[in-house]
Amino acid sequence: MTADLETLAAILKDHLAIYRRMPHHELAARIESPLHGLDVIDGTTPGGTLYTIETNILWDDRTKRQIRVMADLSTGTRGCLLGFIPAVSPEVADEFILTPDGTFLGE
């Protein structure tokens, strides 16, 4: 079973909405955490397709304290890099940049 891109994009948008509601200081603390701002979750679409969402939180511009949150969703379609390194090409990806005053850059 495979999910259509519209469904996958909606799932990713809902997932990123959680991070968009987080205050700047909470996202900054996640960057400094032992996992260094990496969150990985697995789920299943309403149609039964398994997926993984990888979310990375990092400094976009540390001097200005701007935080970039990037997330991608893949359904496990894997390839190989150099014939032996697993590589995943995500079906959908999205990101945002948050400033300390709560403004989203580029929006």
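The values are calculated or read from the model by the stated rules, or taken from the named source; none is laboratory data. Predicted model, so just to flag it, every value in this text is computed and none were measured. Note that we place each Cβ from the backbone using ideal geometry, even for glycine, and neighbour counts take in every protein chain shown.
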Determine the pairs where a residue that is on the phi > 0 side of the Ramachandran plot and in contact (Cβ under 8 Å) with a residue 12 or more places away in the chain, located within segment 54-78, has a partner that is of a type outside the set (A, V, I, L, M) and assigned to a strand (DSSP E or B) with Cβ atoms under 7 Å apart, the partner being 6 or more residues away or on another chain. Gly76/Thr52
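So which residues in segment 1-44 are assigned to a loop (DSSP other than H, G, I, E, B), at pLDDT below 95 and over 16 Å from Met70 (Cβ atoms)?
Met1, Thr2, Ala3, Asp4, Glu32, Ser33, Pro34, listed by residue number.
If a residue has to be of a type outside the set (Phe, Trp, Tyr) and either in contact (Cβ under 8 Å) with a residue 24 or more places away in the chain or touching a helix residue (DSSP H, G or I) at 6+ places or on another chain (Cβ under 6 Å) (or both) to count, how many in segment 1-53 make the cut? Give the steps one after another, and end with the answer.
As a first pass, look at segment 1-53 and keep what is of a type outside the set (Phe, Trp, Tyr): 1-18, 20-50, 52-53.
The next check asks that each one be either in contact (Cβ under 8 Å) with a residue 24 or more places away in the chain or touching a helix residue (DSSP H, G or I) at 6+ places or on another chain (Cβ under 6 Å) (or both); those that pass are 1-3, 5, 7-9, 11-13, 15-16, 20, 23-24, 27-28, 30-31, 37, 41, 43, 45-50, 52-53.
Of the residues in that region, 30 qualify.
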